[in-house]
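J.: Starting off with a structure, shown below.
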Amino acid sequence: MTDLTSLSAADLAALLTSREVSSVEATRAHLDRIDAVDPDIHAFLHVAAEGALASASRVDERRAAGESLGELAGVPIAIKDVLTTNDMPSTAGSRILEGWVPPYDATVVRRLREADLIPLGKTNMDEFAMGSSTEHSAYGPTHNPWDLDRIPGGSGGGSAAAVAAFEAPLALGSDTGGSIRQPAAVTGSVGVKPTYGAVSRYGAIALASSLDQVGPVSRTVLDAALLHDVIAGHDPLDSTSLDETWPSMAQAARAGRTGDALKGVRVGIVRQLAGEGFQAGVKQRFDEAVALLTAAGAEVIEVSAPSFEYAVAAYYLILPAEASSNLARFDSVRFGMRVMPADGPVTSERVMSATRDAGFGPEVKRRIILGTYALSAGYYDAYYGSAQKVRTLIQRDFNDAFGKVDVLISPSAPTTAFRLGEKLNDPMAMYLNDITTIPANLAGIPGMGLPIGLAPEDGLPVGMQIMAPARSDARLYTIGAALERLLEETWGHTLISRAPDLTATEMFASEEGAI
């Protein structure tokens with residue numbers, strides 16, 4: 001990889017600001033990297049090389065003219081294909097939207113452009129964000145840069161893989177039940193799900209409206225914080241957007257890199273999120289990271305959240321119910337694919353049926369059927385209504401826990417990246433991969449995933465999840481950056497700097513990453 005592609009977004013931004021490097025040079029370096037490795041990774045569904053270079057040239061011209069630019073101006077970024085872009089296809093990983101170019105940008109995309117970041121293209125994802133492995137994309141799976149035979153997580157595996165493979169220093173993802181944090185865990189990257197309502201969902205193709213949240217993907221906590229500051233804030237176009245002033249996440253992350261940021265911090269380990277069924281290497285690295293927190297002055301306390309036991313069951317009733325409603329708009333009439341019935345009369349109902357049959361993949365169909373059933377007469381109270389009651393209990397468990405501790409921690413995923421195809425035909429096994437991340441979405445609280453080492457069994461990344469009370473996103477960045485600093489001091493390097501070079505003949509796998 002080139003020197004420019006190996007830099008963090010913050011370091012690259014500093015070089016751009018000082019004009020030691022041009023945005024065109026940085027953008028071209030990342031486009032060359034994409035050309036070199038993405039045929040094997042398949043992180044991108046669309047690469048906007050011409051548009052990216054044109055945008056980079058404009059930033060260079062404005063910088064040369066002495067204009068005041070944002071901190072990340074000229075830095076390349078990848079965008080999950082669930083977000084609408086008015087100059088690139090937006091497919092949500094589905095055939096039913098193949099080739100569709102929206103007439104507008106998502107609010108977060110508009111804010112990226114206003115901050116002069118350079119969109120490189122759109123990243124692969126599970127169809128309509130339904131999946132934990134990016135194997136449910138209609139355009140083929142993405143591969144994990146650490147081991148090309150393994151999954152990169154999902155549904156945002158394309159964004160995580162692009163960052164981990166040094167194809168982009170930053171990416172945008174969306175998190176409905178862990179789709180930012182879980183891919184971060186298995187690719188050794190950093191991913192953040194902000195407080196629900198902190199970042200606009202306008203222009204994010206909806207899966208489950210009460211759960212979806214857009215957030216940053218990066219290689220460092222500071223980079224995620226810098227991107228968070230760009231995309232966050234009230235949006236009148238989003239009725240769920242919180243109308244309040246947010247502190248600087250970048251300032252919070254920088255504070256975590258200095259001093260005794262962890263001293264006196266009360267850290268809660270959730271008993272229900274670190275028990276039976278977790279890979280031994282994941283548990284080992286998690287325990288070692290906890291020991292680092294303790295040595296740095298944090299007070300570690302075990303807390304119980306008994307309702308978390310029912311989180312997965314509640315989630316997989318609420319999400320399909322909302323999905324069945326949201327996906328009803330794909331009716332062959334207003335936009336997207338239209339398929340005529342093979343024979344018989346042509347009616348709107350038969351055209352819709354033929355279109356949805358051809359356009360939706362098996363996982364989408366499965367969840368639409370489940371959601372429609374849960375919302376049907378006679379079953380609403382027994383299923384959807386009961387799931388919402390469990391959701392309230394989970395929110396109460398979080399409130400009780402945060403009365404005792406400042407943050408909660410758990411592994412970001414119960415295992416390292418599993419092999420492609422290993423769980424594809426076992427939906428329940430796939431769903432359980434999000435067991436640690438789902439509760440935060442049900443409660444609407446912020447969560448961060450960051451790498452804490454490599455599992456000794458397979459040399460693959462392990463992630464830790466940090467959760468904070470709603471609206472306390474800055475706390476995640478301070479504590480996450482402090483832990484990141486401790487880990488770097490222990491290893492003598494950042495974990496991502498030890499990622500495999502995909503141009504080499506052998507993939508990286510060793511005991512490195514142990515604490």
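J.: Find the all-direction average of the projected area of the Cα convex hull for the chain, expressing the result in square nanometres with one decimal place. Before the final figure, lay out the partial values.
T.: Working: hull surface 92.8 nm².
For the chain, averaging the hull's shadow over all directions gives 23.2 nm².
J.: Provide the convex hull volume over Cα atoms per residue for segment 276-338, in Å³.
T.: Working: hull volume 12.1 nm³, N = 63.
Convex hull of Cα atoms, per residue: 192 Å³.
J.: Report the FRET efficiency, 1/(1 + (r/R0)^6), for Val333 and Met428, where r is their Cβ-Cβ distance and R0 is 35 Å, rounded to 0.05. Could you put the intermediate results ahead of the total?
T.: Details: r = 35 Å, r/R0 = 1.00.
That pair, Val333 with Met428, gives E of 0.50.
J.: Quick one: 3J(HN,Hα) in Hz for segment 265-274, Karplus 6.51/-1.76/1.60 with θ = phi - 60°, rounded, Gly and Pro as x.
T.: Karplus-based 3J(HN,Hα) across segment 265-274 equals 6, 8, 10, x, 9, 7, 4, 6, 10, 8 Hz.
J.: Ok, one more. Using the membrane-span-like helix rule (whole DSSP H runs, Cα extent along the own axis of at least 18 Å, mean Kyte-Doolittle hydropathy at least -0.5), which helices of the chain qualify?
T.: On the way: long enough: 23-41 (26 Å, -0.33); 49-64 (22 Å, -0.56); 280-295 (23 Å, 0.38); 311-326 (22 Å, 0.78); 362-375 (20 Å, 0.16); 386-402 (24 Å, -0.60); 473-491 (27 Å, -0.10).
Helices passing the filter in the chain: 23-41, 280-295, 311-326, 362-375, 473-491.
J.: As a test of the definition: which semi-axes, in Å, follow for segment 20-120 when you take the square root of five times each eigenvalue of its alpha carbon gyration tensor? Largest first, please.
T.: Numbers: eigenvalues 123, 60, 18 Å².
Ellipsoid half-lengths, sorted descending, are 25, 17, 9 Å.
J.: Give the separation of the Cα centroids, segment 39-75 to segment 255-328, in Å.
T.: If you average the Cα positions of each part, the centres end up 36 Å apart.
J.: Sticking with this one: Treating each Cα of segment 305-461 as an identical point scatterer and ignoring solvent, apply the Debye formula and state log10 I(q)/I(0) at q = 0.14 Å⁻¹.
T.: After summing over all Cα pairs, the log10 values are -0.89.
J.: How big, on average over all directions, is the shadow cast by the Cα convex hull of segment 76-172, in nm²? The partial results should precede the final answer.
T.: On the way: hull surface 22.4 nm².
Answer in nm², one decimal: 5.6.
J.: Using only the alpha-carbon atoms of segment 359-441, report the extent along each of the three principal axes, biggest first, to the nearest angstrom.
T.: So the three principal-axis extents are 47, 40, 19 Å.
J.: Okay, next question. In square nanometres, what is the average projected area of the Cα convex hull of segment 71-127?
T.: Taking a quarter of the hull surface, the average projection is 3.7 nm².
J.: Express the Stokes-Einstein translational diffusion coefficient of segment 34-92 in µm² s⁻¹, to the nearest whole number, given a Kirkwood radius over alpha-carbon pairs, 10 °C and a viscosity of 1.306 mPa s.
T.: Values: Rh = 13.4 Å.
D, rounded to a whole number, is 118 µm²/s.
J.: Hey, another quick one. Show the residues, 5+ positions off or on another chain, whose built amide H is closer than 5 Å to the amide H of Gly121.
T.: Close amide H contacts, sequence-distant or interchain: Ala48, Ile79.
J.: Subtracting the Cα-Cα distance from 0.36 nm times the residue separation, let me have the gained length for Thr294 to Arg271 in nm, one decimal. Show your work: numbers first, answer last.
T.: Values: separation 23, 0.36 × 23 = 8.28 nm, distance 1.74 nm.
Taking Thr294 through Arg271 to full extension adds about 6.5 nm, to one decimal.
A short reminder: the numbers here are calculations on the coordinates, not readings from a lab. Quick caveat, the model's predicted, so the values are computed rather than measured. When we count neighbours, we look across all protein chains shown, and the Cβ atoms used for this are built from the backbone with ideal geometry, even at glycine.
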